[in-house]
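The values are calculated or read from the model by the stated rules, or taken from the named source; none is laboratory data. What you see is a predicted model; the values in this text were computed from it and never measured. Backbone-built Cβ (ideal geometry, glycine too); neighbour counts: all protein chains shown. Only protein heavy atoms, including side chains, enter the accessible area calculation; ligands, DNA and RNA are left aside. Shrake-Rupley method; radii C 1.70, N 1.55, O 1.52, S 1.80 Å.
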Amino acid sequence: MNEFDLIIIGAGPGGYETAAGAAASGLSVALIERGELGGTCLNRGCIPTKTLCKSAEVALTLREAALYGVNPGEISFDYAVAAARKDEVVSTLREGVKSAVAGCTLINGDAAMIDGHTVEVAGERYTAPRIIIATGSRPADLPVPGAEYAVSSDNLLSLTELPDKIVVVGGGVIGMEFASILNAFGVDVTVVEYMKEILPQFDKDIAKRLRSSLTRRGVNIITSAAVKEILPDHTVIYETKGKELRLESDMVVMAVGRRPVVPAGIENTAIKVGRRGIEVDESFMTDEPGVYAIGDVNGVMMLAHAASAQGRKVLGEEINLDVIPSAVFTSPECAMVGLTEEQCKEHYPEYKAVKVPFRGNGKALAMGEPDGLLKLIVDTASRKILGCHICGPHAADLIAEPALAMSRNLTVDAIKSTIHSHPTLTEVLSVAASRIP
Ligand code: NAD
């Protein structure tokens, strides 16, 4: 029998960061993974897409190079090289993960739960008083005829050649990131979104801003449209305002959400699995004492940094999980923290929202990226920040400052009285704070 202090199933950001933290605190840790270290984020998600985002950014900049006085001559784009660079970045980071978990016992294989303290991998049993399930999620399928003719985000990331014309089903985070990247690479992209607006979780003004930026760049975005069928020749049939329409394409990408991946043998335990995933309490413990579920598998918040933060909480760290920023790596980027204005209207009748466009910011203009908007929402009674929403250059980095303020319960005056260096994009937030009376 192999006994450990802690068993972790799944080596994505939730699993491997928690395993490294637990081992560093002196626990004996078994980390079980059936695939590559790094999970979806490193192998099929955040990192490969962000590497492609860089290629997209270079392509967009070069196309406009003459505006900056640079004449690069004839520009051509080689997707195979961009894809190879992505693979190289992924394997470099995988080595980093390997050294981060050097203090753990790595077990390669498929884990099945035997009971609340025992896990089996390839006929071998392992026990621990605490088990953390961090098995992540997989792309969801759309239950429509012909769904098998579409590819998932996983498949799309393993291409070495791009199609000419693509339809993206779903205008959520994944759909919009791919639409932005593929358009920059010269692919003819159409997004079909079921809701009235893209990025349904985002503040409406921000989503609208991104939609008009991408539309200007040539992305065809169709909203309030439900995909009904996909034909073998990749024609997409969708319904909008009672009419049935079709879109021809060379490839269809399905980006309609993700579903939790639950390990085998869960029925041997008291763990409950709901519609969103494994059910957990506020400390991420399941109904089986000593067994926890963190990350995408519990469906609480499908973000890499949320998964690792939940793991830190399981290890006993005091951490504020109420404030979790998120970002969409389109061009321009979008980011948010806290409540949207639509949510504030419902819960805080006394709120004040200030919108500041990036076009008045010296750095944004100098960068040639004046297309953007920051919205800051404050509770007028307590002066606490309720939310901050950005569409603009480096939005994903800029969101860290309001996230810190919110996480530490600071008022808007903390931002107002902090000196922001000039000329920087951070001044957009200080201007917004100064406009709160
Ligand atoms: P999502 O839930 O963000 O978006 C799916 C979209 O598909 C929704 O807008 C939905 O309205 C639409 N849709 C559903 N059925 C449809 C139909 N029949 N026709 C047209 N549209 C339809 O899901 P996702 O974009 O697949 O992302 C999955 C998860 O991964 C999310 O939780 C996301 O936050 C996370 N993720 C985050 C990042 C990031 O933080 N940058 C990147 C990738 C993924």
All positions within the stretch 68-95 that are farther than 13 Å from Ser55 by Cα, small (Gly, Ala, Ser) and surrounded by 10 or more Cβ atoms within 10 Å (Cβ to Cβ):
Ser91
When (1) closer than 29 Å to Gly35 by Cα; (2) more than 9 Å from the ligand (Cβ to nearest atom); (3) touching a strand residue (DSSP E or B) at 6+ places or on another chain (Cβ under 9 Å) are applied to Ile174, the one that fails is (2)
Just for the stretch 177-186: of the residues that are open to solvent by 10 Å² or more (accessible area, probe 1.4 Å) and away from the ligand (no atom under 11 Å from the Cβ), which one is farthest from Cys53 (Cα to Cα)?
Gly186
Can you name the residue in the stretch 40-68 that is free of Cβ contacts under 8 Å to residues at least 24 places away in the same chain and hydrophobic (A, V, I, L, M, F, W, C) and, of all such residues, is nearest to Leu157 (Cα to Cα)?
Val58
Under 7 Å by Cβ, and 6 or more places apart or on different chains, what pairs join a residue from the stretch 300-320 that is more than 17 Å from Gly38 (Cα to Cα) with one that is assigned to a helix (DSSP H, G or I) and of a type in the set (S, T, N, Q)?
Val314/Thr18; Leu315/Thr18; Asn320/Ser407
Out of Ala84, Ala128, report the one residue that is hydrophobic (A, V, I, L, M, F, W, C) and within 25 Å of the chain's Cα centre (by Cα).
Ala84
All positions within the stretch 346-372 that are within 26 Å of the chain's Cα centre (by Cα), closer than 19 Å to Ala432 by Cα and part of a helix (DSSP H, G or I):
Phe358, Ala364
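Matching residues to (1) assigned to a helix (DSSP H, G or I); (2) crowded, with 18+ Cβ neighbours inside 10 Å:
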{"site": "Arg125", "(1), (2)": "no, no"}
{"site": "Glu148", "(1), (2)": "yes, no"}
{"site": "Val167", "(1), (2)": "no, yes"}
{"site": "Thr190", "(1), (2)": "no, yes"}
{"site": "Tyr194", "(1), (2)": "no, yes"}
{"site": "Phe202", "(1), (2)": "no, yes"}
{"site": "Ala207", "(1), (2)": "yes, yes"}
{"site": "Ser213", "(1), (2)": "yes, yes"}
{"site": "Gly218", "(1), (2)": "no, no"}
Can you go through Thr340, Thr330 and tell me which one is open to solvent by less than 70 Å² (accessible area, probe 1.4 Å), at pLDDT 95 or above, among the polar types (S, T, N, Q) and within 21 Å of Leu386 (Cβ to Cβ)?
Thr340
Going by what's in this entry, would Asp115 be described as touching a helix residue (DSSP H, G or I) at 6+ places or on another chain (Cβ under 9 Å) and open to solvent by 80 Å² or more (accessible area, probe 1.4 Å)?
no
If I ask for residues that are touching a strand residue (DSSP E or B) at 6+ places or on another chain (Cβ under 6 Å) and within 30 Å of Glu288 (Cβ to Cβ), which ones from the stretch 217-258 would you list?
Arg258
Apart from one, (1) surrounded by 17 or more Cβ atoms within 10 Å (Cβ to Cβ); (2) on the phi > 0 side of the Ramachandran plot all hold for Phe358; the odd one out is (2)
For the stretch 47-60, which positions are of a type outside the set (Val, Ile, Thr) and either buried (at least 20 other Cβ atoms within 10 Å of the Cβ) or more than 14 Å from the ligand (Cβ to nearest atom) (or both)?
Pro48, Leu52, Lys54, Ser55, Ala56, Glu57, Ala59, Leu60
For Lys98, the lone unmet condition from (1) in contact with a Cys (Cβ under 6 Å, 6 or more places away or on another chain); (2) open to solvent by 70 Å² or more (accessible area, probe 1.4 Å) is (1)
What number of residues within the stretch 119-140 satisfy the criterion of being in contact with a strand residue (DSSP E or B) (Cβ under 7 Å, 6 or more places away or on another chain) and either within 13 Å of the ligand (Cβ to nearest atom) or modelled with pLDDT under 95 (or both)?
4
